[in-house]
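What follows is one structure encoded as structure tokens, with my remarks underneath.
All of the numbers you see were taken from the coordinates with simple rules; none came from a lab. What you see is a predicted model; the values in this text were computed from it and never measured. Counting neighbours? That spans all protein chains shown, and the Cβs are built from the backbone with ideal geometry, glycine included.
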Amino acid sequence: MSADLIAAYFGARGQGKSTQAKAFLAARAPARSLIWDTMDEYAEHAELAASLAELHERARSGEGFRLRYVPPGAEGSLAARFDAFCAIAYTLGDLVLVVEELQRVTRPSWAPPAWSDCTLRGRHRRLSILGLSQRPASVDKNFFSNCNQVSSCRLNFADDIACMANVLGVAREAIGALPRFHFLTRNMETGEVSPGVTAELGRPPPAPRPARTRRRKKTSRRSPPLMSTRS
């Protein structure tokens, strides 16, 4: 797997960005991966580490590992935990790093130092990076500037739509009008923009409902009333 890959997946909630990242992991099956699993949704792709210390210890103990960490919900500690998580990834090297909910741990003009190391110098540590966010306008620009693949599902906020239209080089209407589970991906090296559907990347289409048989209306079989014999 190329260590040059830095891919960004953006989209409003429920539009399929995480499905794209999971499809990547399923298709590539990296021997070494670490996942910042904010919403606890990557159980099929990695084993859970209860703490950062456990994650580091288990990753160091073997050549192959697929581990995920679900950070506690307290917002005040997220940045520090994320910095420590990224420092582990950068130190280990030679792995796929997946980060969910980037808007919660970075800002447009700021990012934890270890995350900046991963995005700016990770190539020398053989890091491939997948970053995901609902709010592209809130993500640090160093990450954006080093991406060689950017994908966007539908977005809702004007700032986010404008940001992705600028990055992808398409009209704003093209972002805001994307149907659910559809996305646009730009190869940042060639400039090529191509459409896609997450159903084709691993999300099975909904099973067709069985045809409903129309019941026949029952006709009355009661005997006709007897005619009176009285005159």
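Things worth noting here:
- When peptides 20-29, 55-64 are ranked by their average number of other Cβ atoms within 10 Å per residue, the highest-first order is 20-29, 55-64.
- For peptides 88-98, 141-151, sequence by mean Cβ density within 10 Å, most packed first: 88-98, 141-151
- The stretch 6-201: relative contact order as a whole-number percent, Cα under 8 Å and 6+ apart: 26 percent
- Amide H contacts for E47 (H built 1.01 Å from N in the peptide plane; partners 5 or more residues away or on another chain; cut-off under 5 Å): R66, L67, R68.
- Sorting the segments 186-196, 36-46 by their mean number of nearby beta carbons within 10 angstrom, highest to lowest, gives 36-46, 186-196.
- Bridge type composition, the stretch 6-201 - antiparallel percent by DSSP, nearest 5: 30 percent
- Once the chain from V193 to A43 is taken as fully extended at 0.36 nm per residue, the excess over their C-alpha distance is 50.9 nm.
- Using the Karplus relation 6.51 cos²θ - 1.76 cosθ + 1.60 with θ = phi - 60°, the per-residue 3J(HN,Hα) values for the stretch 175-180 come to 7, x, 9, 5, x, 4 Hz, with x marking Gly and Pro.
- Take every Cα pair under 8 Å whose residues are at least 6 apart in sequence, average their separation, divide by the length of the stretch 26-70, and the relative contact order is 53 percent.
- Label-to-label distance, nm, for residues given as S109 and A162 (7 Å Cα→Cβ offset): 1.7 nm
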